[in-house]
Amino acid sequence: MKVLVTGGAGFIGSHLVERLLADGHDVVIIDDFNDYYDPRIKRANVAAFAKAAAVQEIDLRDGRGVATLFQNNEKFDAIVHLAARAGVRPSIQQPQLYYDTNVAGTLHLLEGARSSGVERFVFASSSSVYGAARRVPFSEEEHLTQTLSPYAATKIGGEFLCSTYSHLYKMRIVALRYFTVYGARQRPDLAIHQFTRNIHAGEPIDQFGDGTTRRDYTYIDDIIQGTMAALKYDGPMFDVFNLGESDTIQLKDLINAIEKTLGKKAKINCLPEQPGDMPLTCADISKARKLLGYAPKTKFEDGLPKFIEWFLSAARRN
């Protein structure tokens, strides 16, 4: 297949591109290399496969630029749309930027897919769409009535755009709700990476709340397996799946685990809970297991040491 991967220079995107290339697919990458975090990290991510995959530096907010990409390329067989402005807390400060990138940008991409006859589209959504949901674990059948941040609202908005385009234009679209992905090359602003970096350096970490918030941490290899399966899905023309581990870790236990693995104690700044943060995420993955053959294999107690091994190796190189 010829596959367009948006956000292909990022954490999840670079892993997916590696897998697609290893499986013999042709890959084109869109990334705008924005400054949400150091663009040099993303450029380093793509350096290893820059000769094997075409890299297009395009901002998805630029509708004309996106349309030109589709006009100038031979037809894509599939699109995996991972690009987004990420982060719950920054979205509260910059809601317009998040809307323009995550909603309008998704619309521009769907229009390009429609106009060029793309038949398969995978959209990276987020566990944050569950917002105020009270039933745990979170099921795709949950009727969603309230999100807790602009970021989450843009993700549910993207899902609805995808379902509309699937209905109107008979495009096969799968929305994947990722649950707190971690592993090698994880974004530096995310908790596991940020805590590991600061504890290793002897610098304080910020703990928001009393440490009892829980997350369903999902290892990158499992996310890639589920995403690859979504590219082959032949069920309903539009469908939604959770990709998580269906297990939760308390924030204070995460910090303890990092301390133990690094052999260093954390200096903790205890701060109030942050607006927009969810108290808990936990995925019901029974649907993905049954229909995608999704089979997460990496437990947190195995995945965290793998991440820290990568982190220490990268720190030595730098």
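Couple of notes before you dig in:
- Angle between the chain longest axis and helix 11-22 axis [Cα atoms, degrees, rounded to 10]: 50
- Cα shape, the range 18-92, gyration tensor, a/c 1.5 rule: oblate
- Taking a quarter of the surface of the Cα convex hull of the range 77-205 gives a mean projected area of 9.6 nm².
- Panel values: the chain, Kirkwood radius from alpha carbon pairs, Stokes-Einstein at 20 °C and 1.002 mPa s, translational diffusion coefficient 108 µm²/s.
- C-alpha long axis of helix 150-169 to longest principal axis of the chain, angle in °: 20
- Local electrostatic count, residue 39, Cβ distance below 15 Å [Lys/Arg +1, Asp/Glu -1]: -1
- Under 5 Å, built H, 5+ apart or other chain: amide partners of residue 27: 3, 54
- Antiparallel %, DSSP beta bridges [both residues in the range 166-318], to 5: 15
- Largest mean-square fluctuation among 120, 172, 19, in a Gaussian network model of the chain whose springs join Cα atoms under 10 Å apart, belongs to 19.
- Placing a label point 7 Å from the Cα of residue 206 along the Cα-to-Cβ direction, the residues of the range 116-160 whose backbone N falls under 18 Å from that point are 149-151.
- Secondary structure note: in the chain, about 5% of the DSSP beta bridges are antiparallel.
- Computed on the Cα trace of the range 180-318, the radius of gyration divided by the Kirkwood hydrodynamic radius gives Rg/Rh = 1.01.
- Pairs exceeding a 23 Å alpha-carbon distance, out of 264/297; 232/297; 264/306; 51/306; 260/299: 264/297; 51/306.
- Rounded tilt (10° steps) of 191-201 against the dominant C-alpha axis of the chain: 40
- Label zone at residue 301, where the point sits 7 Å out along the Cα-to-Cβ direction: the range 251-280 residues whose backbone N lies under 13 Å: 257
- FRET efficiency for residue 289 and residue 67, using Cβ-Cβ distance with R0 set to 25 Å, rounded to 0.05: 0.05
- For residue 136, no residue 5 or more places off, or on another chain, has a built amide H under 5 Å of its own.
- Length released on extending from residue 34 to residue 262, taking residue separation times 0.36 nm less the Cα-Cα span: 79.0 nm
- Label-to-label distance for residue 77 and residue 269 is 5.0 nm, based on points extended 7 Å past Cα in the beta-carbon direction.
- Karplus-derived HN-Hα couplings along the range 94-109 (A = 6.51, B = -1.76, C = 1.60, θ = phi - 60°), whole Hz, x at Gly and Pro: 10, x, 5, 4, 5, 5, 4, 7, 8, 9, 4, x, 5, 4, 4, 5
- Most mobile of 141, 259, 18 in a GNM of the chain (Cα contacts under 10 Å): 141
Every number here is computed from the coordinates shown, using simple stated rules; none is lab data. Source: prediction; values computed, not measured. Note: ideal-geometry Cβ built from the backbone for every residue, glycine included; neighbour counts use all protein chains shown.
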